[in-house]
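Colleague: This is the structure, below, for whatever I ask next.
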Amino acid sequence: MEKEKMVKELNRLIGKESVLGTDMQIQLYEYDASLIRSKPDCIVLPTSTEQVSKVVKFAHDNGIRVIARGAGTNLSGGSISLQGGIAIVLTRMNNILELDIENQRVVVQPGVITLNLKNFLAKHGYLYQPDPASEKASTLGGNIGENSGGPHCLKYGVTSNHVLGGELVLYNGEVVQIGGKALDNPGYDLSGVFVGSEGTLGIMTKAILRIMPKAEAVKTMMCIFNSIEEGGDTVSAIIADGIIPATLEMMDNLTIKAVEEAYNMGLPKDAAAILIIELDGLSDGMERLTNRILDICKKHHVREIRVAKDQAERDKIWAGRKGAFGAVGRLRPNYMVNDGTVPRTKLPETLAKVIAIGKKYNLPIANVFHAGDGNLHPLILFDERDADELKRVHAAANEILKVCADMGGTISGEHGIGVEKIHGMQLICSSQDLASMRNVKVAFDPDGTYNPGKVLPELQKTA
Amino acid sequence: MKEKAVFSENTKENIYHCIKCGLCMAHCPVYKEVLSEEATPRGKVQLSRQLSEGNLKMSKEVKNAFFSTCLLCGACVSNCPSGVHGSNLYSGVRWRAVQKYGMDWKKKVMFQLLAKKWRMSKSASLGKWARKMFGGKWIESRMNAGALNVARIPKVNEKEFSDMVPEVTKPEGKARAKVLYFHGCATNYLYAGIGTAVVDVLKKMGVEVITPREQTCCGMPIFMSGDREASIQNIRENLRLFAREDIDAVVCDCATCSDGLKKEYPHLLLDLRQLGEDVTDEELKAAELLAKKVKDVTVFIDEHKDWLPAMKENGKKVRVTYHDPCHLVQGQKITAQPRNILKAIPGVEYVEMPGAGDCCGGGGSFQVEHAETSRKITKRKVDNIHSTKAQILATCCPGCTLTISNHLDPSLNMRVMHPVQLLQMALSGK
Ligand SMILES: Cc1cc2nc3c(=O)[nH]c(=O)nc-3n(C[C@H](O)[C@H](O)[C@H](O)COP(=O)(O)OP(=O)(O)OC[C@H]3O[C@@H](n4cnc5c(N)ncnc54)[C@H](O)[C@@H]3O)c2cc1C
């Protein structure tokens with residue numbers, strides 16, 4: 001359909017103030033936090049499920065592609081309109097609809113910002129556990145789309161462990177309810193299917209989330225090491241000792257330097273690795289557990305341990321960790337982040353290989369990872385204006401994915417497949433595996449209306 | 001015709017460090033209300049890139065985006081982990097936009113006046129003009145002051161502050177230091193009480209205060225509105241008067257002024273030189289010198305608090321809360337000093353408000369031109385203030401004072417004061 005006509009129709013359907021279509025506006029929605037760029041034909045900012053449904057129905061009836069978009073912070077090209085069409089931006093559907101303390105549930109619209117929900121719950125003594133480093137900007141809809149993880153997911157599980165159901169707008173504009181407040185619901189677990197579907201199956205317009213009471217006590221420690229192996233070994237040793245801390249995060253030297261420059265937290269710039277270990281739970285026994293961990297750290301030659309004295313110090317440590325990606329942006333203009341995951345015990349070995357790949361392609365690589373989960377985040381640093389460098393980056397990134405797969409791991413721990421990792425799917429899935437996923441896609445979205453070109457490689461060709 | 005370069009090379013290179021992570025969204029007061037990408041700092045950095053690479057043409061729409069969805073509060077700059085200096089980009093785009101499309105006439109007249117030395121527009125006439133401009137019948141009928149309630153804009157000073165204060169104020173007791181006092185336009189025209197308090201307190205601390213009579217507007221409102229050429233006149237004039245080796249500090253009572261003097265002057269001069277404007281080495285050096293000397297008055301007082309004479313107690317307690325002006329908290333990372341001063345006053349019961357560091361939504365002319373967005377931001381602020389049940393709001397920026405006092409619940413009779421005004425009262429036992 002002609003763009004002008006599309007805009008006119010949409011204006012009529014949901015009101016002019018919610019439709020954007022000028023060249024400037026379109027340039028504003030051609031990117032997310034990945035390296036991919038591609039323009040939608042127009043953008044809508046609905047404020048209700050009804051509006052979303054109307055737009056999707058209109059698009060489907062006219063063969064127009066549709067993409068859901070939250071804050072556009074994903075790292076795999078998930079919210080890029082590869083084939084034009086309408087970008088449905090959900091940031092204005094940002095109400096917390098219901099707080100059900102007795103049942104420990106909260107019902108939200110998809111545009112609620114993750115951290116805003118947490119701040120709201122904190123007033124009632126509650127917590128929503130998943131904490132992607134981007135939580136102060138990301139939306140819950142986007143978290144659900146990507147099945148996001150974060151430091152605390154080591155103990156509490158990723159987003160899918162906290163989504164119990166919700167409301168979906170299907171490919172033809174029909175609105176359905178999936179799951180519910182109960183832990184198990186009759187019929188298929190469609191929430192399980194939907195979370196992590198990266199906008200390829202439908203749009204969630206309402207989500208029922210699990211919340212938990214705030215832990216009675218929290219202890220945050222920063223353990224500084226002179227070698228990255230010792231840091232890695234400490235992680236394995238802690239888990240082997242039967243302890244599951246709330247977080248086990250690691251930063252390497254390059255990351256430490258960048259974070260220190262951005263946040264001035266007094267980090268030692270010559271340290272090889274920093275582990276951020278947080279414990280939460282009852283105050284009883286917390287000291288004992290802390291000491292066990294400190295002993296393990298000492299056995300692995302920890303150079304220094306800093307324990308946060310209060311919430312302010314804790315916040316500072318986490319601000320540094322959560323700003324790590326951004327801080328790395330100081331070193332070179334661009335980075336490509338991989339989020340391959342390997343079995344925890346393979347972490348040191350994998351890391352050595354990643355470092356070797358960096359050397360081979362002559363590219364600096366900074367490492368920040370959810371060490372407890374074996375989830376790597378090698379950040380390959382470069383300047384996209386240098387074509388040769390860009391080529392090497394892609395080659396190096398592919399090699400890293402392959403290493404993760406060879407180690408018995410997987411190509412994405414939390415950032416999703418999107419476009420950037422679509423060619424890596426075959427490293428993990430057989431063609432039968434992919435075919436069964438395609439069947440799911442077709443069942444939800446028979447005409448390929450939603451987010452074409454993402455996640456499933458074969459579909460990309462036939463779409 | 002080829003469009004002029006929007007940015008100098010230095011400024012332009014900085015764009016490429018935006019990795020589009022979007023974390024700036026969490027700190028942008030405008031984004032929180034508008035919730036579209038246009039309002040995000042990330043969006044405007046990306047548009048800046050498109051403009052500078054020639055993929056986007058300057059248009060009225062672009063102009064509007066850079067004016068209507070940005071307060072130039074600097075929150076994105078101070079929170080950008082990658083070190084992208086968005087404000088430099090936005091003000092550059094505003095400059096080119098204004099060169100192409102001109103400025104709103106009302107602003108232009110005001111800025112031309114501010115840009116000239118105040119002397120020339122001599123008190124009464126400017127006072128009358130200002131009232132007519134913002135408060136006159138004709139204006140009220142034809143235009144409005146946006147989110148500002150015209151009736152609640154404070155009266156213009158009877159006499160300009162610069163006419164009330166001697167050029168040199170000798171210290172009481174032992175002379176300990178010598179400072180230059182840069183009082184902003186707001187103190188000069190609207191809040192003479194702040195100026196009197198600053199001079200009085202410093203005097204009592206043993207500080208000689210020189211208040212150059214010929215000082216002019218710091219130039220920031222003009223610069224932020226895109227008229228770099230006009231602001232440069234002010235910058236030159238102020239450098240001549242204030243960039244002096246022989247003084248201990250240049251104290252300011254306005255967050256925006258001090259931020260400008262400290263951070264914008266050196267950058268702007270360098271930028272303009274790289275874009276081919278006529279800027280001398282001496283001017284650059286003078287700007288560096290001034291940047292080193294400039295201090296918010298609360299910082300100066302806090303550094304030398306042992307010079308303060310004893311404060312008298314009179315048994316009365318008043319509940320006070322503090323609002324961080326953007327150009328102090330974001331631009332200069334100053335949060336502790338004004339609070340220290342307040343907490344040290346015996347009669348003050350200090351309460352912290354939620355979101356003390358959040359923008360008040362005023363942004364100078366932003367509240368006049370983009371009233372709806374501004375009003376929403378201010379409402380959050382005012383709700384937070386009232387939640388503390390404080391009787392006095394202290395803040396270090398007359399701009400914030402104007403905006404906030406305009407929106408406070410009138411039935412609560414709250415007062416908005418500069419911390420130094422409270423200090424002055426305590427020193428004199430009131
Ligand atoms: C600095 C930084 C740090 C990060 N740290 C982490 C981290 O620690 N852990 C982690 O997992 N990720 C992390 N990310 C990635 C990213 O923030 C997450 O993927 C986040 O969940 C994306 O949310 P969003 O609102 O930006 O969604 P978007 O990027 O806009 O969208 C993401 C996907 O979800 C789909 N989608 C959006 N809304 C809906 C909806 N309502 N219904 C259906 N589909 C929808 C979109 O189509 C898209 O495919 C980080 C990113 C950055 C820039």
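Colleague: Under 8 Å between Cβ atoms, which residue pairs at least 6 apart in sequence (or on different chains) link something in the stretch B:19-44 that is more than 9 Å from chain A (Cβ to nearest Cβ) with a partner that is open to solvent by 20 Å² or more (accessible area, probe 1.4 Å) and not in a helix (DSSP H, G or I)?
Modeller: B:PRO29/B:ASP358; B:PRO41/B:CYS80
Colleague: Within the stretch A:171-179, does at least one residue satisfy the condition of being of a type in the set (A, V, I, L, M) and within 14 Å of A:ALA443 (Cα to Cα)? Break it down stepwise before answering.
Modeller: Within the stretch A:171-179, the subset of a type in the set (A, V, I, L, M) is A:175-176, A:178.
Within this subset, residues satisfying the condition of being within 14 Å of A:ALA443 (Cα to Cα) are none.
Taking every residue of the stretch A:171-179 in turn, none turns out to be of a type in the set (A, V, I, L, M) and within 14 Å of A:ALA443 (Cα to Cα).
Colleague: Right, next: Of these, A:SER431, A:SER436, which one is outside the structural domain of A:ASN375 (by TED's automatic domain parsing) and over 30 Å from A:SER53 (Cβ atoms)?
Modeller: Details: A:SER436 fails: over 30 Å from A:SER53 (Cβ atoms).
Result of the check over A:SER431, A:SER436: A:SER431.
Colleague: How do the pairs read when you match residues in the stretch B:204-227 that are crowded, with 24+ Cβ neighbours inside 10 Å with residues anywhere that are modelled with pLDDT of 90 or more and acidic (Asp, Glu), using Cβ under 7 Å and keeping only pairs 6 or more apart or on different chains?
Modeller: Matching pairs, first to second residue: B:MET220/B:GLU264; B:PHE223/B:GLU264.
Colleague: Let me ask you something else. Checking the structure you have, find out if any residue of the stretch A:124-139 is near the ligand (Cβ under 9 Å from one of its atoms), part of a strand (DSSP E or B), out of contact with any Leu (no Cβ under 7 Å at 6 or more places or on another chain) and within 14 Å of chain B (Cβ to nearest Cβ). First the steps, then the outcome.
Modeller: Filtering the stretch A:124-139 for residues near the ligand (Cβ under 9 Å from one of its atoms) gives A:130-135, A:137-139.
From what is left, the residues that are part of a strand (DSSP E or B) are A:139.
Narrowing further to those that are out of contact with any Leu (no Cβ under 7 Å at 6 or more places or on another chain): none.
For the stretch A:124-139, residues near the ligand (Cβ under 9 Å from one of its atoms), part of a strand (DSSP E or B), out of contact with any Leu (no Cβ under 7 Å at 6 or more places or on another chain) and within 14 Å of chain B (Cβ to nearest Cβ): absent.
Colleague: Among the residues of the stretch A:21-29, is any at pLDDT below 95 and out of contact with any strand residue (DSSP E or B) (no Cβ under 8 Å at 6 or more places or on another chain)?
Modeller: Start the filter on the stretch A:21-29 by keeping residues that are at pLDDT below 95, which leaves none.
No, there is no match, as no residue in the stretch A:21-29 is at pLDDT below 95 and out of contact with any strand residue (DSSP E or B) (no Cβ under 8 Å at 6 or more places or on another chain).
Colleague: Provide a single number: the residues in the stretch A:140-167 that are more than 8 Å from the ligand (Cβ to nearest atom) and either within 14 Å of chain B (Cβ to nearest Cβ) or within 11 Å of A:MET204 (Cβ to Cβ) (or both).
Modeller: Looking only at that region, the number is 4.
Colleague: Still on this structure: Identify the residue in the stretch A:405-414 that is within 16 Å of the ligand (Cβ to nearest atom) and outside any loop (DSSP other than H, G, I, E, B) and, among all such residues, is least open to solvent (accessible area, probe 1.4 Å).
Modeller: A:SER412
Colleague: While we're here: In the stretch A:330-368, how many are more than 21 Å from A:GLY320 (Cβ to Cβ), within 14 Å of chain B (Cβ to nearest Cβ) and assigned to a loop (DSSP other than H, G, I, E, B)?
Modeller: 1
Colleague: Could you please let me know if A:LEU115 is open to solvent by 10 Å² or more (accessible area, probe 1.4 Å) and away from the ligand (no atom under 16 Å from the Cβ)? Don't jump to the end; show me each part of the working.
Modeller: Numbers: open to solvent by 10 Å² or more (accessible area, probe 1.4 Å): yes; away from the ligand (no atom under 16 Å from the Cβ): no.
Answer is no for this residue.
Colleague: Being under 22 Å from the mean Cα position of the chain (by Cα) and of a type in the set (Ser, Thr, Tyr), is that true of even one residue in the stretch A:250-257?
Modeller: Scanning the stretch A:250-257, I find at least one residue that is under 22 Å from the mean Cα position of the chain (by Cα) and of a type in the set (Ser, Thr, Tyr), so the answer is yes.
Colleague: Got a sec? Which strands (runs of 3 or more DSSP E) wholly within the stretch A:1-111 have at least 3 residues that are under 21 Å from the mean Cα position of the chain (by Cα)? Step through it out loud before you land on a result.
Modeller: Numbers: elements: A:42-44, A:66-69, A:86-89, A:96-100, A:105-108.
By residue number, A:66-69, A:86-89, A:105-108.
Colleague: Can you say whether A:GLU249 is surrounded by fewer than 16 Cβ atoms within 10 Å (Cβ to Cβ), closer than 27 Å to A:LEU127 by Cβ and in contact (Cβ under 8 Å) with a residue 24 or more places away in the chain, as far as the supplied structure shows?
Modeller: When the stated conditions are applied, A:GLU249 does not pass them.
Colleague: While we're here: If you go through the stretch A:415-426 one residue at a time, do you hit one that is open to solvent by less than 30 Å² (accessible area, probe 1.4 Å) and under 23 Å from A:VAL259 (Cα atoms)?
Modeller: Yes: the stretch A:415-426 contains one or more residues that are open to solvent by less than 30 Å² (accessible area, probe 1.4 Å) and under 23 Å from A:VAL259 (Cα atoms).
The values are calculated or read from the model by the stated rules, or taken from the named source; none is laboratory data. Remember, predicted model here, so these are calculated numbers, not experimental data. A quick note on method: Cβ atoms are made from the backbone with ideal geometry, for glycine too, and the neighbour counts reach across all protein chains shown. Heads up: the accessible areas ignore ligands, DNA and RNA and are worked out on the full protein's heavy atoms, side chains in. Shrake-Rupley method; radii C 1.70, N 1.55, O 1.52, S 1.80 Å.
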